[in-house]
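The values are calculated or read from the model by the stated rules, or taken from the named source; none is laboratory data. In this text the structure is predicted, and so the values were computed from the model without any measurement. Backbone-built Cβ (ideal geometry, glycine too); neighbour counts: all protein chains shown. Remember, those area values only see protein heavy atoms, side chains included, never the ligands or the DNA or RNA. Shrake-Rupley method; radii C 1.70, N 1.55, O 1.52, S 1.80 Å.
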Amino acid sequence: MTAPSYDVIIIGGGIVGAACAAECVREGLRVAIVEAKMIGGGATAAGMGHLVVMDDSDAQFALTRYSQLLWEEVRDELPREVEYDPCGTIWVAADEEEMREVSRKQAFYSERGVEVEVLDAQSVAEAEPNLRAGLVGGLRVPGDSVIYPPCAAQFFVNRAVARGAHVFLGKAVQEITADGVRLRDGSTISAGVVVNAAGSWSPSLMARLNVKKRKGHLVITDRYPRFLRHQLVELGYLKSAHSLTADSVAFNIQPRKTGQLLIGSSRQYDVDDSAIDASLLSRMLARALEYLPGLGRLSSLRAWTGFRAATPDKLPLIGPDTENERLYLATGHEGLGITTSLGTARLLVDQILNRTSAIPVGPYLPSRVTGEMVHV
Ligand SMILES: Cc1cc2nc3c(=O)[nH]c(=O)nc-3n(C[C@H](O)[C@H](O)[C@H](O)COP(=O)(O)OP(=O)(O)OC[C@H]3O[C@@H](n4cnc5c(N)ncnc54)[C@H](O)[C@@H]3O)c2cc1C
């Protein structure tokens with residue numbers, strides 16, 4: 001059976017596919033979303049939902065900042081269940097070396113128009129009284145915020161559907177064909193453009209794609225309103241996020257609008273098994289306790305894992321495939337896909353429509369990545 005044809009088929013109804021669908025429809029394109037399981041049920045449900053401006057590279061900054069401004073544009077339209085919370089981030093400095101990183105970050109952000117505030121030992125303690133004594137300071141980024149990602153994905157899908165998109169829910173794409181996709185049930189859907197937005201599953205549809213799974217653990221507590229006010233991240237996070245070793249943990253904690261605390265995070269390569277790794281989880285919680293000793297008195301409700309889709313240079317793949325001109329990629333967002341979904345959607349649609357984008361697209365083009373690039 002062949003379904004009616006579309007301008008664009010989007011494979012994957014995570015936050016990235018959902019944002020791309022809403023953006024395509026906004027531009028008048030006829031869109032089909034094909035989602036194997038449920039909207040926002042992949043990494044989007046597993047992630048933290050921290051909308052954060054990052055500065056690992058100019059390209060990462062450009063995409064996170066652009067995306068953050070797009071989230072600000074849409075924030076008043078987000079339904080209550082998206083739990084948008086402009087709580088800001090504090091990057092916590094434990095020693096003088098990390099305080100030097102605060103100065104570097106402060107200069108980087110300020111030069112680029114992002115509001116930041118350097119905190120000394122006393123002001124970091126006042127800002128977050130449950131942090132342990134003896135920390136050296138921190139950097140507050142008030143423009144960062146938090147959302148509940150699966151509901152945001154559903155919001156963008158609903159928006160796309162309200163403007164004419166079709167959703168093929170519970171339908172897995174088996175194969176990307178010359179004129180569309182073939183589903184696992186044998187039916188086909190045709191379109192001028194196919195977008196692979198299947199996150200960490202994207203290589204299952206394109207074996208040559210150099211995207212690897214990077215596993216993460218999270219824990220959520222019971223409700224403790226006012227225990228925290230900001231998302232807190234240790235400055236050592238950057239060292240561990242780029243660790244060359246297989247496993248790393250870092251202190252990263254988020255106050256939810258429900259009063260719960262979401263505790264992260266860990267990173268593991270070359271692990272396909274979604275089971276909780278008890279020893280890594282203990283290391284992660286021990287790290288959190290080092291910063292917030294009072295956590296030990298609180299009850300946790302649940303722990304889970306998820307898979308980030310990692311590229312060798314830690315930037316997403318956004319734009320045309322190098323071998324099939326009808327195929328576009330919107331994948332490889334590693335630990336920033338919630339934040340960068342909206343920027344990704346704009347850049348993707350600009351390329352489909354052959355328009356110039358608000359930020360240079362070169363760093364994210366799939367053509368930059370060759371098969372030989374290795375993951376570090
Ligand atoms: C522990 C952890 C913490 C994180 N914290 C943050 C954070 O604080 N901030 C942030 O910005 N990002 C964070 N991230 C990253 C973020 O969650 C991801 O980058 C983002 O969710 C990726 O979205 P996606 O739509 O690309 O992928 P997914 O949400 O995984 O969606 C892909 C979808 O494709 C579907 N699919 C797969 N194969 C097929 C097929 N063959 N046919 C049809 N459908 C298919 C899947 O069912 C799935 O729904 C975190 C990730 C993890 C794991």
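Quick look at the numbers
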{"read-out": "Rounded tilt (10° steps) of 96-111 against the dominant C-alpha axis of the chain", "value": "50"}
{"read-out": "FRET efficiency, ALA278 to LEU298 (Cβ-Cβ, R0 25 Å, nearest 0.05)", "value": "0.85"}
{"read-out": "Segments 177-187, 209-219 sorted - mean Cβ within 10 Å per residue, highest first", "value": "209-219, 177-187"}
{"read-out": "Segment 263-376: mean projected area of Cα convex hull, nm²", "value": "9.8"}
{"read-out": "Per-peptide average of other Cβ atoms within 10 Å, ordering 102-115, 32-45 highest first", "value": "32-45, 102-115"}
{"read-out": "Average accessible surface area per residue within segment 1-132, 1.4 Å rolling probe, Å²", "value": "42"}
{"read-out": "Centroid-to-centroid separation of segment 54-124 and segment 278-353 [C-alpha atoms, Å]", "value": "17"}
{"read-out": "Nearest 10 degrees, 0 to 90: helix 149-162 Cα axis against the chain principal axis", "value": "30"}
{"read-out": "With every protein chain in place, the chain: carbon and sulfur % of accessible area (1.4 Å)", "value": "50"}
{"read-out": "Value of relative contact order over segment 149-227, rounded to a whole percent, pairs C-alpha under 8 Å and six or more apart", "value": "14"}
{"read-out": "Rounded to 10°, Cα long-axis angle of helix 278-291 versus longest principal axis of the chain", "value": "50"}
{"read-out": "Segment 12-119: relative contact order in percent, alpha carbon pairs under 8 Å with at least 6 residues between", "value": "16"}
{"read-out": "Residues of segment 334-370 with amide N under 19 Å of a point placed 7 Å along Cα→Cβ from ALA207", "value": "370"}
{"read-out": "Calculated [θ] (222 nm, deg cm²/dmol) that DSSP helices of n ≥ 4 give over the chain, each run adding -39,500 (n - 2.57)", "value": "-9000 deg cm²/dmol"}
{"read-out": "Residue of ALA59, ALA275, ALA309 that the Gaussian network model of the chain assigns the largest fluctuation, springs spanning Cα pairs under 10 Å", "value": "ALA275"}
{"read-out": "For peptides 196-205, 351-360, sequence by mean Cβ density within 10 Å, most packed first", "value": "196-205, 351-360"}
{"read-out": "Whole-Hz ³J(HN,Hα) from phi, Karplus 6.51 cos²θ - 1.76 cosθ + 1.60, for segment 302-315, glycine and proline x", "value": "7, 10, 8, 10, x, 10, 7, 9, 9, 9, x, 9, 6, 10"}
{"read-out": "Mean Cα-pair separation over length for the chain, i.e. relative contact order, pairs under 8 Å, 6 or more apart, %", "value": "24"}
{"read-out": "Cut-off 13 Å between beta-carbons: net charge of the residues surrounding LEU119, Lys and Arg +1, Asp and Glu -1", "value": "-2"}
{"read-out": "For the chain, alpha-carbon Rg and Dmax in angstrom", "value": "20.4, 67"}
{"read-out": "Theoretical FRET efficiency, 1/(1+(r/R0)^6), r = Cβ-Cβ of ARG223 and ARG80, R0 22 Å, to 0.05", "value": "0.80"}
